[in-house]
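Report on the following structure.
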Amino acid sequence: MEGQPTAPGEAPPGRAVSPEKTAPELPAEPLSPIEASFTGPVPQTREVPLRQFGYDLFSQASRGFMPPTDLPVGPDYIIGQGDSLLVRSWGSVFFDYNLTVARNGQIFLPEVGPVQVAGLTFAEAERLIRQAVATKYQDVQLTVTLGQLRSITVFVIGEVVRPGSYQLSPLSTLLHALFAAGGPTKRGTLRRIQLIRNRQIVGEADLYRLLLEGDQSQDFHLRSGDTVFVPLIGKVAGIAGNVRRPAIYELRGETSLQELIEMAGGITPFGYTQTIQVERAQGHERKVILDLNLNQALQDGSARHMLLQDADLVRISPISTLIENQVELVGNVERPGRYEFREGMRVSDLLRLGHQLLPETYMDRAEIERLVPPDNHMEVLSFDLGALLNGDTSQDLFLQEQDRLIIYSVYDFKERPTVRVEGAVRRPGVYLLFKGMTVSDLIHRAGGLARRAYMLKAELNRIFSSDSTAQAQLIPIQLDRALQGDQKADIPLQEMDTLFIRDLPEWRATAQVVYLEGEFVFPGQYAIRKGERLSSVIRRAGGFTERAFPKGAIFTRESVRQEQERQLRDILELTQIETLKLEVETAATQLEPQQQVNQEALQAQRRLLELLANRKPSGRMVVHLDDPDKLEGTPDDIELQPGDRIFVPLIPSSVNVVGGVFNPGAVAFREGEDLDYYLDKV
């Protein structure tokens, strides 16, 4: 079974912790001191920190790895206390016993007696049980198998994440114990892990054999009472750069440079082996760099004999990124890119590799950018591309390695001619001007006219420029005739022309509405036309109901609300400034009576600020409503705006009386009664 460590405060010393408990997940591990020493800052900070090899085997995801308990055991399995043996017989006698090994190491066979099996292998115990049964019964066939397996107690100590005692399956190996303990820390060795049994070292495991070669021969089986000890790490060396597995490796005994490279998986094809560097701490005094020609060292065998020292760092630099045997074709060609340079290559050869020139290529000039040794300064060679294409061999220049051939477009030397369309088209914007382009062509490029377009008239803005001035001219366009193909209206366009297409008068993409609520015959939303007045929409709503109270109507307008909100902000800002001034005066006043007056005024100002900040403008306008026929033509018959909202309440059924009366409240309304009536009621 899987175990957990004995931790202070969790279990008494010497007792194994229950395997069901799981350890909390740990945060990402920072660089170990050894890793940090290989990372910087001497001699320089490396882009990718080197990590110690092998320790990620015991990562968070692997800590639940434990051996299966349902596999058949081998004949060399050691029987111990707690194991159960299944003994079955047939023939002259039938029995089926499940026998557990007691603390004294014995099992008890009915009719036969005790049999000492603890400490024996399974094969030896089976043979002994057969002999014991044979002394009692004749002509008996017998099978002996293992049932429930016991747990064994193993100690994992030294440089591990969670040292302690663990209860494990008897099928466990040294690796299972290390997994249960979280694995070695980065201060602990992976190459000299000791298995101690009866105070004797009975095995030493080098996990590099497993990690590098897949060799599990040193993954020793454990017995109860075994101790797995992880000593401190030994000498280390790092290898960085262009190897397949850059890392920090632990050295075992004398290790050569070639062996370190082999542990790192070898050098990648991009590693530069003419010169590699070994950074070495020398005499506990300084750090030095040793340069080595690895190609030569591998050929003469010196790499096999060059021994590494503790904390050596081998650096394999990359080869040059410069592709040497190349020329490059860029610009207005179908297939720009890099191509192989061949001796005697000319411009025409490279152009053939680029397949063909694109339209609107600039024929008067092309260029070759060339790096000239010894300082590799750039020179530019120009030639007449058009003459070359017409057969002038004097323009067919020889190329050299690293040359860059540039083919220009005519628009590399001038702006592309464009025209613009704005207004009632589906895709307004800037479009390339092509030869013979007309007004109708531009409209079709813009996706056609929008539904709101005014067809009778458009305007074309044309710029006439000279070296010193520019002047605009507006040209009227009969749009409907231009779209019908009338050449007088569908005029050719010039560079920088802008066509403006207007909207239909009073066009609205969506209906503009007002809201009638309350005691209207037909309340709801009403679309309005421009200039429509209040009496008109009330008439369309069927007028007021019999229970309507027009004198109590509430009329709100969004533009009024926004203006009220702006004015309220202004008042709030002025009040804040006055409050700050008063706070300054109060702090500067020495006389106590004046301070008290200022404090009272300051509190009043703060209450006013709070009231202003919480006030929400309503946008209400005072409008006196009446029947549409009476309202029409009066000053209250205002022109409506989109979003206006009119609410007409019911005729009130009560009269509120408040203020200096004995019983302020509401009194039921009675037709014809005067003020004294309602005052008497309260």
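The values are calculated or read from the model by the stated rules, or taken from the named source; none is laboratory data. This structure is a prediction, so every number in the text was calculated from the model and none was measured. Every residue, glycine among them, receives a Cβ derived from its backbone with ideal geometry; neighbour counts consider all protein chains shown.
Here are the numbers for this structure:
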| quantity | calculated |
| --- | --- |
| Of all residues in the stretch 624-648 being out of contact with any Gly (no Cβ under 8 Å at 6 or more places or on another chain) and among the acidic types (Asp, Glu), the one that is farthest from Lys551 (Cα to Cα) | Asp644 |
| Within the stretch 86-123, considering residues that are under 18 Å from Ala134 (Cβ atoms) and of a type in the set (Ser, Thr, Tyr), the one surrounded by the fewest Cβ atoms within 10 Å (Cβ to Cβ) | Ser92 |
| Check on Asp396, in contact (Cβ under 8 Å) with a residue 24 or more places away in the chain and in contact with a helix residue (DSSP H, G or I) (Cβ under 6 Å, 6 or more places away or on another chain) | yes |
| Residue in the stretch 215-255 that is surrounded by the most Cβ atoms within 10 Å (Cβ to Cβ), counting only those that are within 30 Å of Pro75 (Cα to Cα) and of a type in the set (S, T, N, Q) | Thr227 |
| Residues satisfying the stated conditions in the stretch 526-546, i.e. touching a helix residue (DSSP H, G or I) at 6+ places or on another chain (Cβ under 6 Å) and of a type in the set (S, T, N, Q) | Ser535 |
| Given (1) modelled with pLDDT under 95; (2) assigned by TED's automatic domain parsing to the domain that holds Glu340; (3) under 49 Å from the mean Cα position of the chain (by Cα), number of the condition Leu381 does not satisfy | (1) |
| Number of the condition not met by Lys435 [criteria: (1) assigned to a loop (DSSP other than H, G, I, E, B); (2) farther than 20 Å from Asn332 by Cβ] | (2) |
| The stretch 335-354 residues that are over 24 Å from Thr321 (Cβ atoms), paired with ones that are among the hydrophobic types (A, V, I, L, M, F, W, C) and not in a helix (DSSP H, G or I) (beta carbon under 6 Å, 6 or more apart) | Arg346/Phe398; Val347/Leu397 |
| Selection within the stretch 193-209 - in contact (Cβ under 8 Å) with a residue 60 or more places away in the chain and buried (at least 23 other Cβ atoms within 10 Å of the Cβ) | Leu207 |
| Members of the stretch 433-455 found to be at pLDDT below 95, in contact with a strand residue (DSSP E or B) (Cβ under 6 Å, 6 or more places away or on another chain) and surrounded by fewer than 17 Cβ atoms within 10 Å (Cβ to Cβ), listed by number | Arg452 |
| From the options Leu190, Leu171, Leu212, residue that is part of a loop (DSSP other than H, G, I, E, B), surrounded by fewer than 20 Cβ atoms within 10 Å (Cβ to Cβ) and in contact (Cβ under 8 Å) with a residue 24 or more places away in the chain | Leu171 |
| Scope the stretch 537-554; condition in a loop (DSSP other than H, G, I, E, B) and β-branched (Val, Ile, Thr); matching residues | Thr545 |
| Every pair of residues 6+ apart whose Cβ atoms lie under 8 Å, when the first sits in the stretch 555-573 and is over 16 Å from Pro642 (Cα atoms) while the second is part of a helix (DSSP H, G or I) and modelled with pLDDT under 85 | Leu568/Leu612; Ile571/Leu612; Leu572/Leu609; Leu572/Leu612; Leu572/Ala613 |
| Filter pass, Arg223 being modelled with pLDDT of 95 or more and either in contact with a Cys (Cβ under 9 Å, 6 or more places away or on another chain) or outside any strand (DSSP E or B) (or both) | no |
| Selection count where residues are in a loop (DSSP other than H, G, I, E, B), on the phi < 0 side of the Ramachandran plot and surrounded by 13 or more Cβ atoms within 10 Å (Cβ to Cβ), scope the stretch 635-657 | 9 |
| Qualifying residue in the stretch 456-475 (condition: surrounded by 16 or more Cβ atoms within 10 Å (Cβ to Cβ) and in a loop (DSSP other than H, G, I, E, B)) | no |
| Residue that is farthest from Leu442 (Cα to Cα) [pool: residues in the stretch 460-476 that are hydrophobic (A, V, I, L, M, F, W, C) and without any contact (Cβ under 8 Å) to a residue 12 or more places away in the chain] | Ala470 |
| Count of residues meeting criterion [in contact (Cβ under 8 Å) with a residue 40 or more places away in the chain and either among the hydroxyl-bearing types (Ser, Thr, Tyr) or in a strand (DSSP E or B) (or both)] in the stretch 477-536 | 17 |
| Meets criteria (aliphatic (A, V, I, L, M) and surrounded by fewer than 16 Cβ atoms within 10 Å (Cβ to Cβ)) for Leu389 | yes |
| Residue ID - surrounded by the fewest Cβ atoms within 10 Å (Cβ to Cβ), chosen from residues in the stretch 408-424 that are of a type in the set (A, V, I, L, M, F, W, C) and at pLDDT below 95 | Phe413 |
| Any chance Pro617 is surrounded by fewer than 12 Cβ atoms within 10 Å (Cβ to Cβ) and free of Cβ contacts under 8 Å to residues at least 60 places away in the same chain | no |
| Strands (runs of 3 or more DSSP E) contained entirely in the stretch 275-393, each with at least 1 residues that are over 16 Å from Ile406 (Cα atoms) | 276-282, 286-292, 312-316, 337-340, 366-372, 377-383 |
| Residues being in contact (Cβ under 8 Å) with a residue 12 or more places away in the chain and either surrounded by 12 or more Cβ atoms within 10 Å (Cβ to Cβ) or not in a helix (DSSP H, G or I) (or both) - total across the stretch 658-682 | 12 |
| Hits in the stretch 501-521 (condition: closer than 20 Å to Ala450 by Cβ and crowded, with 17+ Cβ neighbours inside 10 Å) | Ile501, Arg502 |
